[in-house]
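The values are calculated or read from the model by the stated rules, or taken from the named source; none is laboratory data. Nothing here was measured: the structure is a model prediction, and the numbers come from that model. Please note: Cβ atoms are built from the backbone with ideal geometry, for glycine as well, and neighbour counts cover all protein chains shown. These area figures cover heavy atoms from the full protein model, side chains too; ligands, DNA and RNA do not enter into them. Shrake-Rupley method; radii C 1.70, N 1.55, O 1.52, S 1.80 Å.
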Amino acid sequence: LLYRLLIYALQQDEAGLEHIYQIDAGMRHRLDQAAAEATDYESLVDMVKSRQLTRTRIQRLLSYVLLGLDAGLMNEMLDCGPLYLHLLGQSRAGETFLAAKRKEIELPLVANYSRVQSQLKRHYAGDSERLRLAEEQLRLELKASRIYSLLLPGFCRQNRNRDYFQSVIRVD
């Protein structure tokens, strides 16, 4: 399924993938050739691989293609850094630590996505540019989660907006 999603994403943009983060004309050509000949994900990666391009870098580039990660937007987000923290799990010690440090944390700490928009708007009320970038980071994170959920066994029986329904994982 990942292979099919990638081939679709590679062929979707007729204007070229040069606007995708870290994809230049030469890489676009390599990806086009590989997409035309590859029969599965491994052969796609192997056909793009070269001495200068490691498998890991190619896999990272393919994830940028799948997400449609715009180069300009990515550079803006890299310049400003993370604009919120997504809490995935915590232990009892971590919960105690976060409760004690909550006032000192400079970024919004998101544990419940049903309130994330209001949290971001409240935190970045006077800074519309940072709010826009925070919302873009959130949009990309949610898109990545939905794509990931497609790759899980039994995905058709699950809600693909997992971040809104999955609670913080408690570890002890």
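Okay, residues lined up against (1) modelled with pLDDT under 95; (2) acidic (D, E); (3) assigned to a helix (DSSP H, G or I):
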site	(1), (2), (3)
L131	no, no, yes
A134	no, no, yes
K143	yes, no, yes
P153	yes, no, no
S167	yes, no, no
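In region 107-121, what residues are surrounded by 12 or more Cβ atoms within 10 Å (Cβ to Cβ) and among the polar types (S, T, N, Q)?
Answer for region 107-121, where residues must be surrounded by 12 or more Cβ atoms within 10 Å (Cβ to Cβ) and among the polar types (S, T, N, Q): N112, Q117, Q119.
Name the pairs whose Cβ atoms lie under 9 Å apart, with the first residue in region 95-112 and closer than 14 Å to Y124 by Cβ, the second open to solvent by 50 Å² or more (accessible area, probe 1.4 Å) and in a helix (DSSP H, G or I), and 6 or more positions between them or separate chains?
Matching pairs, first to second residue: L107/H123; P108/R122; P108/H123.
Would you confirm whether any residue within region 164-172 is open to solvent by less than 60 Å² (accessible area, probe 1.4 Å), under 19 Å from the mean Cα position of the chain (by Cα) and free of Cβ contacts under 8 Å to residues at least 60 places away in the same chain?
The answer is no; no qualifying residue exists.
Checking the conditions here, which among L31, L5 is within 27 Å of E135 (Cα to Cα) and either of a type in the set (A, V, I, L, M) or modelled with pLDDT under 90 (or both)?
L5
Determine which member of the set L83, L78 is closer than 30 Å to E135 by Cβ, within 17 Å of the chain's Cα centre (by Cα) and part of a loop (DSSP other than H, G, I, E, B).
After ruling out the rest, the residue left standing is L83.
Residue-by-condition table, conditions (1) within 30 Å of G26 (Cβ to Cβ); (2) open to solvent by 70 Å² or more (accessible area, probe 1.4 Å); (3) of a type in the set (K, R):
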{"position": "T56", "(1), (2), (3)": "yes, yes, no"}
{"position": "Y64", "(1), (2), (3)": "yes, no, no"}
{"position": "N75", "(1), (2), (3)": "yes, yes, no"}
{"position": "Y84", "(1), (2), (3)": "no, no, no"}
{"position": "R92", "(1), (2), (3)": "no, yes, yes"}
{"position": "E95", "(1), (2), (3)": "no, yes, no"}
{"position": "I105", "(1), (2), (3)": "no, no, no"}
{"position": "Y124", "(1), (2), (3)": "no, no, no"}
{"position": "E135", "(1), (2), (3)": "no, no, no"}
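Would you point out the residue of region 15-46, among those that are closer than 25 Å to E76 by Cα and charged (D, E, K, R), that is surrounded by the most Cβ atoms within 10 Å (Cβ to Cβ)?
R28
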